[in-house]
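Colleague: Below you will find the structure I want to go over with you.
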């Protein structure tokens with residue numbers, strides 16, 4: 001068997017291991033005295049920035065009505081088939097509204113495609129990451145849980161306008 | 001001293017040592033997790049009890065309540081026997097390690113060692129070699145390929161490093177001219193610590209001790225990424241706890257042996273020049289021994305979380321082509337020292 005020639009052979013100092021090991025140990029020793037980055041979770045919570053993709057929510061405008069026009073694009077694009085929309089007519093200017101809008105949070109993969117495809121900026125990803133259910137039925141979020149006032153989503157909407165154009 | 005008195009004193013020593021040992025093993029696990037956390041900018045266990053100090057007990061009780069699973073293909077006898085061999089070896093090695101100078105309590109002259117036998121070092125070497133059986137039996141009897149590979153690696157590794165370990169110790173024995181741990185400690189009076197006199201021997205011994213205790217960077221018998229759990233893949237519940245306990249107990253033994261052989265045991269340089277009270281001196285010396293051991297233990301943890309694992313061929317390479325010649329060189333060095341300075 002021919003010996004494989006390495007691109008860069010180790011120098012003598014590297015080959016006697018000890019100085020390199022000492023270097024590594026010095027690094028870990030220094031790290032030991034640095035403050036930890038751990039958040040004590042249930043007491044201290046992680047506050048995400050606007051770029052965070054938490055659970056998808058429906059935007060509720062100032063007039064207490066959802067922006068959604070029930071076009072069904074989100075349901076069509078959803079790779080996990082988590083969204084179900086049933087459209088109906090309304091007297092308002094937008095003419096259509098979702099009579100039923102359900103996201104199955106057990107199927108949702110937080111990809112954000114629904115938000116990307118939405119022509120009305122009506123479905124956006126929130127900062128909410130604490131999703132716990134005790135049974136499968138609870139995991140299906142209807143309009144009651146999905147509607148969030150627009151003020152609470154300002155950071156995400158600003159982020160989207162800035163980076164999605 | 002009558003026979004009865006000797007037996008009672010020995011029993012007290014044994015109980016004390018075992019209790020201290022179990023406690024220190026439990027807290028070794030705790031500190032292992034703490035040190036790893038500090039090195040990785042985390043906090044480590046801090047929920048169970050004050051600063052997480054009760055965490056080891058929570059871990060032990062969790063293990064005790066787990067189901068004890070024995071694989072169908074396993075050799076039941078050896079599978080059960082293996083953790084006990086590992087534990088027995090780890091615990092009985094302590095018997096010969098002196099933690100302090102001889103003291104006088106209630107009129108009895110007591111050696112602070114369970115058995116002050118004149119072949120103590122031989123006993124340590126013999127028992128650490130026996131420790132291989134625990135791991136190899138565990139690997140073979142589980143009837144699983146991962147375990148078997150772990151067991152084979154363990155035996156090959158232990159045998160190769162035992163050689164350089166033995167030769168490193170030979171250097172120490174040349175200087176102290178005795179196999180009795182007490183005498184070896186006394187021979188390192190003042191700054192004549194073996195780590196100072198024979199630094200090469202010290203390094204080879206420490207490296208071999210790492211390999212013998214299966215600690216990173218030589219933890220190939222376990223090697224989680226390649227071998228699932230290595231030799232203890234098929235162990236659960238209390239048998240697993242046995243191996244876990246034995247690993248940490250072995251670490252403590254190894255540190256104590258390193259301190260005894262190379263760092264002057266319980267000696268504090270020039271303490272007798274200070275003219276202190278005899279009892280205070282003894283207490284300080286026991287403290288010094290424990291402190292040195294604690295430092296070596298910390299060193300074990302520190303190395304584990306700093307250095308990646310060796311590849312198997314690199315391990316063998318290092319053992320036979322580097323450590324073995326170095327330990328021989330150390331013997332020559334010590335012999336030259338004795339010839340020239342008549343130490």
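The values are calculated or read from the model by the stated rules, or taken from the named source; none is laboratory data. Quick caveat, the model's predicted, so the values are computed rather than measured. Cβ: placed from backbone, ideal geometry, glycine included. Neighbour counts: every protein chain shown.
To keep it simple, each residue is scored yes or no on (1) within 14 Å of chain B (Cβ to nearest Cβ); (2) touching a strand residue (DSSP E or B) at 6+ places or on another chain (Cβ under 8 Å); (3) surrounded by fewer than 16 Cβ atoms within 10 Å (Cβ to Cβ); (4) assigned to a strand (DSSP E or B).
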{"residue": "A:10", "(1), (2), (3), (4)": "yes, no, yes, no"}
{"residue": "A:24", "(1), (2), (3), (4)": "yes, no, yes, no"}
{"residue": "A:37", "(1), (2), (3), (4)": "yes, no, yes, no"}
{"residue": "A:45", "(1), (2), (3), (4)": "no, no, yes, no"}
{"residue": "A:59", "(1), (2), (3), (4)": "no, yes, no, yes"}
{"residue": "A:85", "(1), (2), (3), (4)": "no, yes, no, yes"}
{"residue": "A:88", "(1), (2), (3), (4)": "no, yes, yes, yes"}
{"residue": "A:92", "(1), (2), (3), (4)": "no, no, yes, no"}
{"residue": "A:109", "(1), (2), (3), (4)": "no, no, yes, no"}
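Colleague: Given the conditions (1) under 17 Å from residue B:217 (Cβ atoms); (2) more than 10 Å from chain B (Cβ to nearest Cβ); (3) modelled with pLDDT of 85 or more, report the number of the one that residue A:51 does not fulfil.
Modeller: Residue A:51 satisfies every listed condition except (1).
One line per residue, one yes/no per condition, for (1) in a loop (DSSP other than H, G, I, E, B); (2) in contact (Cβ under 8 Å) with a residue 60 or more places away in the chain; (3) farther than 27 Å from residue A:44 by Cα; (4) in contact with a helix residue (DSSP H, G or I) (Cβ under 9 Å, 6 or more places away or on another chain):
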{"position": "A:98", "(1), (2), (3), (4)": "no, no, yes, yes"}
{"position": "A:106", "(1), (2), (3), (4)": "yes, no, no, yes"}
{"position": "A:130", "(1), (2), (3), (4)": "yes, no, no, no"}
{"position": "A:151", "(1), (2), (3), (4)": "no, no, no, no"}
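Colleague: Please give the number of the condition residue B:340 fails out of (1) surrounded by 13 or more Cβ atoms within 10 Å (Cβ to Cβ); (2) free of Cβ contacts under 8 Å to residues at least 24 places away in the same chain; (3) under 30 Å from residue B:271 (Cα atoms).
Modeller: Answer for residue B:340: the failing condition is (1).
Colleague: Kindly provide the set of residues from segment B:37-69 that are surrounded by 15 or more Cβ atoms within 10 Å (Cβ to Cβ) and touching a residue at least 40 places away in the same chain (Cβ under 8 Å), ordered by number.
Modeller: B:39, B:40, B:60, B:63
Colleague: While we're looking at this one, here's another question. Residue check: is residue B:34 assigned to a helix (DSSP H, G or I) and within 14 Å of chain A (Cβ to nearest Cβ)? Walk me through it before giving the result.
Modeller: Numbers: assigned to a helix (DSSP H, G or I): yes; within 14 Å of chain A (Cβ to nearest Cβ): yes.
Yes; evaluated as a whole, the condition is true for this residue.
Colleague: Using the structure shown, decide if residue A:74 is part of a helix (DSSP H, G or I), surrounded by 11 or more Cβ atoms within 10 Å (Cβ to Cβ) and at negative phi.
Modeller: yes
Colleague: Residues in segment B:37-47 that are touching a helix residue (DSSP H, G or I) at 6+ places or on another chain (Cβ under 7 Å) and either in a helix (DSSP H, G or I) or more than 14 Å from chain A (Cβ to nearest Cβ) (or both): how many?
Modeller: As a first pass, look at segment B:37-47 and keep what is touching a helix residue (DSSP H, G or I) at 6+ places or on another chain (Cβ under 7 Å): B:38-39, B:41, B:43-46.
From the residues that got through so far, the ones that are either in a helix (DSSP H, G or I) or more than 14 Å from chain A (Cβ to nearest Cβ) (or both) too are B:38-39.
So the answer is 2.
Colleague: Would you check if residue B:261 is more than 23 Å from residue B:201 (Cα to Cα) and either surrounded by 15 or more Cβ atoms within 10 Å (Cβ to Cβ) or away from chain A (no Cβ under 13 Å) (or both)? Write out each step before concluding.
Modeller: Details: more than 23 Å from residue B:201 (Cα to Cα): no; either surrounded by 15 or more Cβ atoms within 10 Å (Cβ to Cβ) or away from chain A (no Cβ under 13 Å) (or both): yes.
For residue B:261, the condition - more than 23 Å from residue B:201 (Cα to Cα) and either surrounded by 15 or more Cβ atoms within 10 Å (Cβ to Cβ) or away from chain A (no Cβ under 13 Å) (or both) - is not met.
Colleague: So, one more: Out of all the residues in segment B:318-328, is one or more surrounded by fewer than 16 Cβ atoms within 10 Å (Cβ to Cβ), assigned to a helix (DSSP H, G or I) and in contact (Cβ under 8 Å) with a residue 40 or more places away in the chain?
Modeller: Yes, the conditions are met somewhere in segment B:318-328.
Colleague: Something else: Would you pick out the residues in segment A:132-149 that are loosely packed, with under 15 Cβ neighbours inside 10 Å and either within 12 Å of the chain's Cα centre (by Cα) or in contact (Cβ under 8 Å) with a residue 40 or more places away in the chain (or both)?
Modeller: We begin by selecting, within segment A:132-149, every residue loosely packed, with under 15 Cβ neighbours inside 10 Å; these are A:132-138, A:142, A:144, A:149.
Answer for segment A:132-149, where residues must be loosely packed, with under 15 Cβ neighbours inside 10 Å and either within 12 Å of the chain's Cα centre (by Cα) or in contact (Cβ under 8 Å) with a residue 40 or more places away in the chain (or both): A:142, A:149.
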